[in-house]
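J.: Below you will find the structure I want to go over with you.
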Amino acid sequence: MNAVSVLRTKPIKDVIAQSEADGTDGGPGLKRRLGARDLTGFGIGIVIGTGIFTLTGLEAREHAGPGVVLSFAIAGLVALLAALCYAELASSVPAAGSAYTYAYATMGEIVAWIIGWDLLLEFALGAAVVARGWSGYLAELFDLPAAWFGEEGGVVNLGAIGIVLLLGVVAIVGVRESARLTNVLVLVKVAICVFVVIAGAFFVKAANLTPFVPPSEEAGSGEGGIRQPVTQLIFGMEPSVFGFAGVLTAAAVVFFAYTGFEAVANLGEETKNPRRDLPLGLLGTLVIASVLYIGVSLVLVGMVPYTEIDRGAPIASAFESVGAGWAAILVSIAAVAGLTSVILVDLVAMGRVGFAIARDGLIPPAVAKVHPRWGTPYRISAVMTVVVALLAGFLPLTALADLVSIGALCAFVLVSLAVPILRRTRPELERPFRVPFSPVLPVVSALACLYLMLNLSVETWLRFLAWMLLGALIYFGYGHRRNRLAQR
């Protein structure tokens with residue numbers, strides 16, 4: 001083994017040929033059935049979910065106060081910069097695997113493996129965390145036993161397992177069917193989000209928004225040590241919350257709310273006109289989601305003093321506190337719909353990332369087989385569905401939600417850097433969408449993502465590095481020697 005072998009790149013012509021040809025070993029390939037509207041539906045389906053229904057109140061109460069509105073704006077801006085980079089690469093190289101495939105074509109095999117392994121972590125944990133949240137909202141709506149559907153007192157969460165397995169079947173049966181269900185759920189939750197902004201505006205009190213950024217104060221004993229952000233550890237600052245540092249910490253955490261839009265790029269091989277529709281789907285998702293997040297968070301902190309916001313169901317409880325219990329019921333229904341679509345798109349995206357990795361031979365190619373009638377990578381999708389169901393059923397994963405953020409941010413750093421690299425190495429490549437002001441904007445995007453990563457806790461970084469170490473063992477133990485480029 002040498003440095004050249006781990007940095008070998010996959011030729012662009014091979015990537016494009018694979019995306020236009022049949023599946024592995026001469027079997028059927030993925031079917032092109034999606035348009036720009038479907039892609040935007042998938043994007044909004046995964047982006048608008050846990051962030052708007054839970055993280056809004058949690059971060060306002062613990063880190064940013066009313067300044068959580070700025071946190072969502074900052075996170076949205078960083079996500080939009082990354083989305084521009086995704087749009088250029090997705091329109092130029094419309095293939096399954098998104099960031100994994102782009103890295104393989106530009107920065108080398110080891111980087112591609114790292115980012116693919118990273119994306120599997122992001123989507124799997126994201127789906128599992130959201131499944132447990134879905135189960136909790138369902139229990140609240142129908143007064144179901146907390147031992148089987150909640151976080152307290154139970155060994156197994158049947159609600160989380162059930163919804164993952166059900167949506168896993170939908171994801172396996174067909175991407176078109178997944179798109180139809182997602183679009184319906186998206187209409188429900190977007191309508192409720194607009195309702196929250198309009199109805200909640202009548203209950204906003206100016207006093208609740210002052211001070212907009214609460215003054216910095218010393219963190220509690222539980223926020224020091226490995227729980228403090230990396231930036232505070234590096235610069236030797238006392239652990240603190242609120243102030244502008246708190247706004248940035250909250251921005252790094254609520255970035256979780258924007259993660260997953262790259263799932264749209266994973267559908268490049270199933271899009272009818274990917275060079276036009278992928279950029280529209282990516283950028284449309286981020287613009288709509290950012291507007292809704294900022295509007296809802298502003299209304300929430302204006303309705304209730306940030307110190308009194310409920311941690312579990314902040315928006316529903318805010319309406320209850322002002323005597324609008326009927327609105328709280330609507331919000332809970334929207335939460336169930338919203339979280340359902342997040343789980344579904346996570347499962348679809350995981351299948352496509354796994355399909356791309358297996359097709360290249362970095363994991364056994366047999367799991368990349370595409371079903372002849374459904375046109376989906378049913379084997380890898382089934383395996384990932386079972387894994388997520390077990391995680392969601394038996395592990396309380398809310399503490400690991402930050403891992404989803406750090407995983408996505410790491411992917412965004414590499415994708416942003418891939419844009420100028422590919423422009424230099426393949427200047428003749430057709431680019432239907434081009435990032436403006438390159439290479440400046442992609443570099444700014446990479447630095448912004450890296451800075452948000454450094455605002456996550458030391459504990460999160462240690463868990464992330466442990467996952468990467470496991471991935472390295474798998475790569476050097478199997479993928480490095482057995483993949484398609486190595487066999488050539």
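J.: Of the lysine pairs in the chain, how many meet both conditions: Cα atoms under 21 Å apart, and a spacing of 8 or more in sequence or different chains? If you can, show how the numbers build up before the last one.
T.: Details: LYS10/LYS369; LYS13/LYS31; LYS13/LYS272; LYS31/LYS272; LYS31/LYS369.
Value for the chain: 5.
J.: Moving on. About its Cα centre, what dipole magnitude does the chain give when the only charges are +1 on Lys and Arg Cβ and -1 on Asp and Glu Cβ, stated in debye to the nearest 20?
T.: Values: 33 positive and 33 negative charges, 405 e Å.
My answer is approximately 1940 debye.
J.: Can you send over the solvent-accessible area of LYS10, 1.4 Å probe, protein chains only, in Å² to the nearest 10?
T.: The accessible area comes out at roughly 20 Å².
J.: Any chance you could give the angle, 0 to 90 degrees and rounded to 10, that helix 401-425 forms with the longest Cα principal axis of the chain?
T.: The angle comes out at about 40 degrees.
J.: I've got another one for you. Report the dimensions of segment 393-488 along its three principal axes from the alpha-carbon atoms, largest first, rounded to Å.
T.: Between the extreme Cα coordinates on each principal axis of segment 393-488 lie 50, 40, 23 Å.
J.: So what's the projected area for segment 60-149, the Cα convex hull averaged over all directions, in nm²?
T.: On the way: hull surface 36.4 nm².
Hull-based average projected area comes out at 9.1 nm².
J.: Please report the carbon-and-sulfur percent of the accessible area for the chain; probe 1.4 Å, protein heavy atoms only, DNA, RNA and ligands left out.
T.: On the chain, the fraction of accessible area on carbon and sulfur atoms equals 68 percent.
J.: Send over a whole-number figure in Å² for the accessible area per residue of the chain, probe 1.4 Å.
T.: Accessible area per residue: 37 Å².
J.: Give the value in nm², to one decimal: projected area of the alpha carbon convex hull of segment 329-429, averaged over all directions.
T.: The number I arrive at for segment 329-429 is 10.3 nm².
J.: Nearest 20 debye, what's the magnitude of the dipole of segment 401-488 about its Cα centre given +1 on Lys and Arg Cβ and -1 on Asp and Glu Cβ?
T.: Details: 10 positive and 4 negative charges, 111 e Å.
Once rounded to the nearest 20, the dipole reads 540 debye.
J.: While we're on this one: If you bin the C-alpha pair distances of the chain every 20 Å from 0, what whole percents do you get?
T.: Result, from short to long distances: 25, 58, 16, 0 percent.
J.: Follow-up. Just how large is the dipole of segment 227-345 about the Cα centre, in debye to the nearest 20, putting +1 at every Lys and Arg Cβ and -1 at every Asp and Glu Cβ?
T.: 200
The values are calculated or read from the model by the stated rules, or taken from the named source; none is laboratory data. It should be emphasised that the depicted structure is a prediction, and the values quoted were computed from it without experimental measurement. As a convention, Cβ positions derive from the backbone with ideal geometry for all residues, glycine included, and neighbour counts pool all protein chains shown. The area values use the complete protein model at the heavy-atom level, side chains included, leaving out ligands, DNA and RNA. Shrake-Rupley method; radii C 1.70, N 1.55, O 1.52, S 1.80 Å.
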